[in-house]
Amino acid sequence: MKTRITELLGIQYPIIQGGMAWVAENHLAAAVSAAGGLGLIGGANAPAEVIRDYIKKVKEVTDKPFGVNVMLMSPHADEVAKVVVEEGVKVVTTGAGNPEKYMEMWKAAGIKVIPVVASVALARRMERYGADAIIAEGTESGGHIGEATTIPQVADAVSIPVIAAGGIGDGRGIAAAFMLGAEAVQMGTRFLVAKECVVHQNYKDRVLKAKDIDSTVTGRTHGHPVRCLRNQMTREYIKLENEGKSFEELEYLTLGTLRKAVQEGDVNGGTVMAGQIAGMVSKEQTCQEMIEEMMEQAEKLLGRK
């Protein structure tokens with residue numbers, strides 16, 4: 001399926017894997033890229049040399065295009081921004097902020113820059129600053145979320161290609177995103193249960209067992225909403241939030257809990273970030289199997305086959 005995004009990024013399928021913190025490392029990124037999508041290394045709060053090591057490892061196993069997601073709130077963002085240039089990474093996506101201060105350096109290096117936006121205004125601003133495409137992320141996403149589902153409005157507001165993110169877990173979601181004006185999709189939750197994904201088996205099992213009502217959002221009162229699956233930690237957080245505890249007290253409660261869930265498999269006291277589509281995810285597959293299955297379904301629905 002050819003779109004402006006597949007042409008821009010040199011990929012076979014219009015599927016981008018989300019740059020999930022603690023999850024999107026070299027194994028998953030390489031597997032998604034090798035399967036014809038665009039794998040992303042999640043910068044999160046990792047030091048620059050850790051990201052450099054991931055980049056080198058992806059290059060060792062595939063010559064397909066891949067990218068790095070730079071989390072702009074990270075204390076290491078400046079160094080990571082330089083590492084992607086030094087290592088010849090072809091695509092950068094950005095989250096949690098405005099990447100304007102790095103745009104000139106990245107564009108001079110020939111990097112395709114794709115910011116995540118949560119509003120029409122930011123989409124227009126990113127286009128003015130030279131973004132090659134944008135990711136419009138809906139509130140259905142896992143992890144840190146915006147409040148809107150803005151794909152049609154964003155697609156109408158800009159001339160660069162739009163990638164839809166949030167609430168997409170199968171070929172129907174891909175087809176729907178295309179009907180709304182997107183030219184590719186970004187997916188995170190579905191790839192959590194990929195055989196190549198390094199998250200703890202307890203985390204995968206929790207996603208596989210999730211029902212439609214199992215996701216919840218913490219942190220709305222302080223303007224930092226995070227979508228994850230309900231557990232002991234979210235119940236405690238929401239109780240304290242309703243009692244009016246400060247942002248600092250609530251942050252202390254969640255410190256290190258994502259790593260605890262991803263690496264140690266603590267799905268009760270850890271943060272199990274996942275989107276609303278977790279209830280649709282029912283089997284572990286390789287990235288290749290997932291992508292081919294979803295694309296076949298999407299192409300049938302869109303009348304491409």
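What follows is calculated from the coordinates using simple rules that are stated; it is not laboratory data. Only a predicted model underlies this, so the values are computations on that prediction, with no experimental measurement involved. Backbone-built Cβ (ideal geometry, glycine too); neighbour counts: all protein chains shown.
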The chain, Gaussian network, Cα under 10 Å: of Asp205, Asp53, Asp132, the residue fluctuating most is Asp53
The alpha-carbon center of region 78-137 and that of region 260-302 are separated, in whole Å, by 26
So, relative contact order of region 1-96 in percent, Cα under 8 Å, 6 or more apart, is 25
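Would you mind counting up the charge near Trp22? Only other residues with Cβ under 12 Å from its Cβ, with Lys and Arg at +1 and Asp and Glu at -1.
Working: positive: Arg259, Lys260; negative: Glu25, Glu264.
My count for the surroundings of Trp22 gives 0.
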Going through Lys59/Lys204; Lys239/Lys260; Lys2/Lys300; Lys64/Lys107; Lys57/Lys82; Lys2/Lys90 one by one, the pairs whose alpha carbons sit over 25 Å apart turn out to be Lys59/Lys204
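Count charges around Gly67 for me, please; just the other residues with Cβ under 9 Å from its Cβ, Lys/Arg as +1, Asp/Glu as -1.
Cβ neighbours under 9 Å give a net charge of +2.
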Matching label for the computed Rg and Dmax of the Cα atoms in Å, out of (1) 20.7, 68; (2) 18.0, 55; (3) 18.6, 59, is (2)
The chain: longest segment with zero exposed GluC sites (Glu not before Pro), where exposed means DSSP loop plus at most 16 other C-beta atoms within 10 Å, is residues 148-242
Loop-resident trypsin sites (Lys or Arg not before Pro) in region 205-296 with no more than 14 other Cβ atoms inside 10 Å, DSSP not H/G/I/E/B, are Lys211, Lys283
Which of Pro14, Pro65, Pro225 fluctuates most in a GNM of the chain (C-alpha springs under 10 Å)? That residue is Pro225
Ratio for region 38-188, C-alpha Rg to 2.2 N^0.38 Å, reads 1.01
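Mind checking region 77-183 for chymotrypsin sites (Phe, Trp or Tyr not before Pro) that DSSP puts in a loop (not H, G, I, E or B) and that have at most 16 other Cβ atoms within 10 Å? Can you show the working numbers first?
Details: sites: Tyr102, Trp106, Tyr129, Phe178; in loops: Tyr129.
Hits after loop and neighbour filter: Tyr129.
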